[in-house]
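Visitor: Following this message is one structure expressed as structure tokens.
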Amino acid sequence: MAKYNDDLKQLNLPEIDRIIRQFWEENDIFNKSVNQKSIDNSFVFYEGPPSANGKPGIHHVMGRAVKDLFCRYQTMKGKRVERKGGWDTHGLPIELSVEKELGITKEDIGTKISVDEYNAKCRETVMQYKDQWDDITRRMGYWVDLDNPYITFNNEYIESVWWLLGQLYQKNLLYKGYTIQPYSPAAGTGLSSHELNQPGCYRDVTDTTVVAQFKTLQESLPAFLQGLGDIHILAWTTTPWTLPSNTALTVGPKITYALVKTYNQYTFEPVNVILAKALIEKQFAGKFFAVESEEQLASFQASDKKIPYLIVKDFVGSDLEGIRYEQLLPYALPYQNPENAFRVITGNFVTTEDGTGVVHTAPTFGADDAKVAKEANPEVPPLLVLDENGNAVPLVDLRGKFRADLAEIGGKYVKNEYYADGEAPERSVDVEIAIKLKEENKAFKVEKYVHNYPHCWRTDKPVLYYPLDSWFIRSTAMKDKMIELNKTINWKPAHTGEKRFGNWLENLNDWNLSRSRYWGIPLPIWRTDDATEEKCITSIEDLGKEIALANEKLGLNQSVPKDIHRPYIDEVILVSPSGKAMKRELDLIDVWFDSGAMPYAQWHYPMQNRDFIDKGVTFPADFIAAGVDQTRGWFFTLHAIASMVFGKVAYKNVVSNGLVLDKNGVKMSKRLGNVIDPFETIAEYGADATRWYMISNAQPWDNLKFDLEGIDEVRRKFFGTLFNTYSFFALYANIDGFSYSEKKIPLAERQEIDRWIISLLNSLVQEVDAEYSDYEPTNATRKIMTFVDEHLSNWYVRLCRRRFWKGDYSQDKIAAYQTLYECLNTIAKLMAPVGPMFSDWLFKNLNDATSLEACESVHLADFPQADISAIDKALEQRMDYAQRISSLVLSIRKKEGLRVRQPLTKIWLQVLDSSFISQVDAVKELILSEVNVKDVEYITDTEGFINKKAKANFKTLGKILGKHMKAGQAMIAEFDQKAISQLEKTNAYTLEIEGEKFVLTTEDIEVSFDEIPGWQVAVDKDITVALDISLTDDLIAEGIARELVNRIQNIRKTSDFNVTDKITIAIEDHDIIRPAVAQFGEYIKAEVLGISIALGNADGGELVEITDDVSLKIKVAKV
RNA sequence: AGUCUCGUAGCUCAGCUGGUUAGAGCACUACACUGAUAAUGUAGGGGUCGGCGGUUCAAGUCCGCCCGAGACUACCA
């Protein structure tokens, strides 16, 4: 006969992991779980590609547990869930690690190392830790197809990306423009925000700052500023070298500004200046003092130590809009619309934290500046001039030098740091400009200022914000479509979609696609030198045709490169319609586009597998998941590309999980040494405990404070309990040879408690199913845990233990086995998505012995379906009563020092409602045996000796009484017995408060009985229990009999007798023993499998304590 | 700086549309139970629900401001 596996004497999750992993691999369970399901009933899942050039961390286990569990759940719900793996292979981190490893820089590529070698090295590095990733994938039990993954550097993948870009190009959503970006002149390259955020990049530096006086044009001043003489606007800058490029001044529309009369501290000329009122004290600190009148002001002399100032009037920023001013440093004029430059505009980003509340605006060197200048009406032109080739360029070139034709500053570097060692002039341009402004009465104040400024991580020199050419996707044009589509996506949690993602879409900017890098997907756009003609290539075939055409027209001998990465692709020359040569735009595309293209590119769409997308076989996804930090990353790129190219969503359901922090809530980092090694964790605690802990401890979208002790708790509390329950079952089922071969006993023929746990189990199935399908795994796991711990183990098994080991293999025993078996088998299925290994071990142990299920693994089984007819809410309620009543009685026993082995006569229960008596009667025997009491009686309001108490029902009463609630509550609490019985009899009671009358019904008042004179009472919410604690001789004798049983059992156990051994018993004679043996001898014998009990000589027996004061010898012998 | 999330017992978390004395598990202490025993039960201590103000008869729950933690975006004259 098949046996239930009892190899494990105690829970060993890593061992179970090993067994199950081996089983899965040998039997190809993953593939079966996919292939057994019909393609017509798919659940589409997208794997967000990890990058294998970093080691997997514990947070990856978290993210993948979330992905895995929903895929497993849907599989069990009958869906076919293909899980194509993928690798993200492009991007800066890979270039950096290659360069670091080889000890080279970008400049060495092509000289110290060939492009081939570099390219090969990148490919290799990308997969550096692939083995570790594969390993963690297996160990954590994450099912994903790693045999046929998509890889973003493959030509097929790139070709699909080109096609997508081509679609955008055809829709006129791709264009070239410029933005202000961080740029390192010394390195000659733009910097990503990622590079700027490297540690040590932001540094405190001391710069020369200037508060400049911009002289307004009289005729442009509003009326309230007329007739006051020359008026200057003050604006502060920490980068005086940008002042020649100033084309506007920005004020905050709602900020209050003031006109102040004073004297210039360098020229001592009288001046009228405008600045934010809130900053007057700051700007006029030290050298200045406030005066109240023109006279005081006029009395100033240049030799005075302190300079007076007078606040004349104030006004808000919007009043200043449109004022024009003289260009501060007229080295050059904007080549476009110079008439729109040099005026006051408004911007909401202006603050009064420091400076003057007026922002010097140079659109060529500041991102905010460029934005606000563009938004102004008419647009403020940036200070761009035309170079010798007629191209518009800023006043500073790419090396960080002023253009040569700019008088005395021409040809100088804007920062002294950019000069080679020893070549920097004594005075930096900043200082030179400051001096010039002082001399010309254009500087209000010049001082040194310490501030935080980014530096290039490679050259250590300050970064310049500089306008750089870039290719953009005109995502703003599709903004409304994206917003509309987003509303159809089910976000978990909802606020990530509505708020975070929604806001991001509302404030969408065009997508800057360009990266001046090396290892990535090349932009497939070719242009003529004069940029008048261009072509966008959309496939390799297309490229081949164009190459052939170019070969023909230009007399070249080119072919399609084997690898379409840089630099091979850069060598390809195409021909324009007018016959000119075209070169590729050198940019690579943002790697985020790679990942957003995966729904299509993973299948090499549209060159292959057209139906997958066009017929919706694998598009859109039913479900994706990734970290919340991907909101603007993967979640956005998927959404943007699907919206813009296909006009559809890319995913219907999305779970964004939070971060994994250390147990103190601090982000894990190598530097802090608080990183948790996923391999070690899984090796010690097992994959299931780790996964279960992560899912059950906090909602996936909340940050998880990862604590190994928490995993241990889950192991003990949940897996330990479940394991014990199974072991218990297996022990006796093996003894009795239960293999579920008997016919299933109808529920109606089983005991109340069996029907109860089955009812609860079916309720659980319903709830857990709903939670999983609603992407609420935490609730699902918590419900399963409560069931296993509180109901199955601590109530059902505890109360039913006797049924398993006592007596013959009866119908009742079989019913108990069937019931427990069903619970364990169903729990295995319910928990399988989150704890895939233990659940399969449990499932197989059960099924291997019974062959009840046709499938070999729990992951090939169907998710349980609740049997509605088995759910009996009344039964669940009365068992809840039983549990609570028992608990109350036990607590009274505890208080009174009455051990449970001492029988008592009676408990009294307060009757709650009409069904209460019949409900409790049905579980009466359970309660009585659990608490060792002989009988139950019910208290109804006919008894006269109970004190009833009235309490307000706040919920109903609040609506009736309103503001009289407090008074009403007090009055109700004071109700006497008469008032209560009047209310109960007539169902009406009139309450009078401050002259107002209110008619109350029994619904508004709760009556309780928490005092019964002479009884011990305990209360739990609505249930009140009273216990009769008086003892009789008979009760005492019975109590002693039970004590004896207990002692004899202990002796059997310590003597290592078999559970089935029969014994003879001899007990030392004593007064307290005699009545017990006389009255309960048969009972004792039956309990301990004794064939005789002798009183008297027990020499050689064990001395044991019977009561606190009596110890006697007991001798037990095997027959 | 902006947007979003979070802040409840020593720790991890519940607390539905506002309603009576704010709950559970872990940990701690005491006791009990014992044919699940490296398990189990009962009881106990422990809380200004981050702070302040408001709405309301009634606020952990709704609103405003502030503080703290985190994420993302932006980078500032």
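The values are calculated or read from the model by the stated rules, or taken from the named source; none is laboratory data. As the structure is a prediction and not an experimental result, all values here were calculated from the model. Every residue, glycine among them, receives a Cβ derived from its backbone with ideal geometry; neighbour counts consider all protein chains shown.
Visitor: Just wondering, is there one or more residues in the range A:717-734 that are more than 6 Å from RNA strand B (Cβ to nearest atom) and of a type in the set (D, E, K, R)?
Guide: No: the range A:717-734 contains no residue that is more than 6 Å from RNA strand B (Cβ to nearest atom) and of a type in the set (D, E, K, R).
Visitor: The conditions are (1) closer than 29 Å to A:Ala625 by Cβ; (2) in contact (Cβ under 8 Å) with a residue 24 or more places away in the chain; (3) buried (at least 18 other Cβ atoms within 10 Å of the Cβ), and A:Tyr732 fails exactly one of them. Which is it?
Guide: With respect to (1) closer than 29 Å to A:Ala625 by Cβ; (2) in contact (Cβ under 8 Å) with a residue 24 or more places away in the chain; (3) buried (at least 18 other Cβ atoms within 10 Å of the Cβ), A:Tyr732 is out only on (1).
Visitor: Same structure again: For residues that are touching a strand residue (DSSP E or B) at 6+ places or on another chain (Cβ under 9 Å) and either more than 23 Å from A:Asn154 (Cα to Cα) or not hydrophobic (A, V, I, L, M, F, W, C) (or both), tally how many sit in the range A:510-541.
Guide: Of the residues in the range A:510-541, 18 are touching a strand residue (DSSP E or B) at 6+ places or on another chain (Cβ under 9 Å) and either more than 23 Å from A:Asn154 (Cα to Cα) or not hydrophobic (A, V, I, L, M, F, W, C) (or both).
Visitor: Right, another one. Among (1) farther than 19 Å from A:Arg527 by Cα; (2) assigned to a helix (DSSP H, G or I); (3) not hydrophobic (A, V, I, L, M, F, W, C), which single condition is A:Asp570 missing?
Guide: (1)
Visitor: Another one. Pick from the range A:866-904 the residues that are modelled with pLDDT of 85 or more and of a type in the set (Val, Ile, Thr): which of them is farthest from A:Ile1040 (Cα to Cα)?
Guide: A:Ile868
Visitor: May I ask you to verify whether A:Met837 is closer than 28 Å to A:Ala1018 by Cβ, touching a residue at least 12 places away in the same chain (Cβ under 8 Å) and outside any loop (DSSP other than H, G, I, E, B)?
Guide: In short, no.
Visitor: Name the pairs whose Cβ atoms lie under 7 Å apart, with the first residue in the range A:656-667 and among the hydrophobic types (A, V, I, L, M, F, W, C), the second part of a loop (DSSP other than H, G, I, E, B) and modelled with pLDDT under 75, and 6 or more positions between them or separate chains?
Guide: Every condition considered, the pairs that remain are A:Val660/A:Met668; A:Leu661/A:Met668; A:Val666/A:Leu672; A:Val666/A:Asn674.
Visitor: Still on this model: Condition check: under 30 Å from A:Thr89 (Cα atoms), among the aromatic types (Phe, Trp, Tyr) and surrounded by 15 or more Cβ atoms within 10 Å (Cβ to Cβ). Does A:Phe43 satisfy that?
Guide: The answer is yes for A:Phe43.
Visitor: Criterion first (more than 8 Å from RNA strand B (Cβ to nearest atom), over 16 Å from A:Met831 (Cβ atoms) and touching a strand residue (DSSP E or B) at 6+ places or on another chain (Cβ under 9 Å)) does A:Phe738 satisfy it?
Guide: No.
Visitor: Also: What strands (runs of 3 or more DSSP E) completely inside the range A:442-537 contain at least 3 residues that are modelled with pLDDT of 85 or more and either within 30 Å of A:Ser576 (Cβ to Cβ) or more than 12 Å from RNA strand B (Cβ to nearest atom) (or both)?
Guide: A:443-454, A:464-473, A:525-528, A:534-536
Visitor: Further question: Residue check, A:Ala870 against (1) closer than 23 Å to A:Leu761 by Cβ; (2) hydrophobic (A, V, I, L, M, F, W, C); (3) within 14 Å of RNA strand B (Cβ to nearest atom), all met but one. Which one?
Guide: Result: A:Ala870 passes all but (3).
Visitor: Restrict the check to the range A:200-221 and report whether at least one residue is under 30 Å from A:Tyr453 (Cα atoms) and outside any strand (DSSP E or B).
Guide: Yes, the conditions are met somewhere in the range A:200-221.
Visitor: Can I ask one more? Give me the helices (runs of 4 or more DSSP H) completely within the range A:1-86, filtered to those with at least 1 residues that are within 30 Å of A:Val126 (Cβ to Cβ), modelled with pLDDT of 95 or more and in contact with a strand residue (DSSP E or B) (Cβ under 7 Å, 6 or more places away or on another chain), ordered by residue number.
Guide: Helices (runs of 4 or more DSSP H) meeting the threshold: A:29-35, A:58-76.
Visitor: Right, next: I'd like to check something: does the range A:782-791 contain any residue that is within 11 Å of RNA strand B (Cβ to nearest atom), of a type in the set (Lys, Arg), in contact (Cβ under 8 Å) with a residue 60 or more places away in the chain and in a helix (DSSP H, G or I)?
Guide: Yes, the range A:782-791 contains at least one residue that is within 11 Å of RNA strand B (Cβ to nearest atom), of a type in the set (Lys, Arg), in contact (Cβ under 8 Å) with a residue 60 or more places away in the chain and in a helix (DSSP H, G or I).
Visitor: Which residues, taken from the range A:689-710, are surrounded by fewer than 24 Cβ atoms within 10 Å (Cβ to Cβ) and more than 8 Å from RNA strand B (Cβ to nearest atom)?
Guide: Result: A:Ser696, A:Leu708.
Visitor: So the check is Cβ under 6 Å with 6+ separation or different chains; which pairs have a first residue in the range A:296-322 that's in a loop (DSSP other than H, G, I, E, B) and a second one that's aromatic (Phe, Trp, Tyr)?
Guide: Cβ pairs passing all conditions: A:Phe300/A:Tyr263; A:Ala302/A:Phe268; A:Lys306/A:Phe289.
Visitor: Select, from A:Ala341, A:Ala376, A:Ala332, A:Ala367, the only residue that is within 30 Å of A:Lys282 (Cβ to Cβ), of a type outside the set (Asp, Glu) and away from RNA strand B (no atom under 16 Å from the Cβ).
Guide: Going through A:Ala341, A:Ala376, A:Ala332, A:Ala367 in turn, just one is within 30 Å of A:Lys282 (Cβ to Cβ), of a type outside the set (Asp, Glu) and away from RNA strand B (no atom under 16 Å from the Cβ): A:Ala341.
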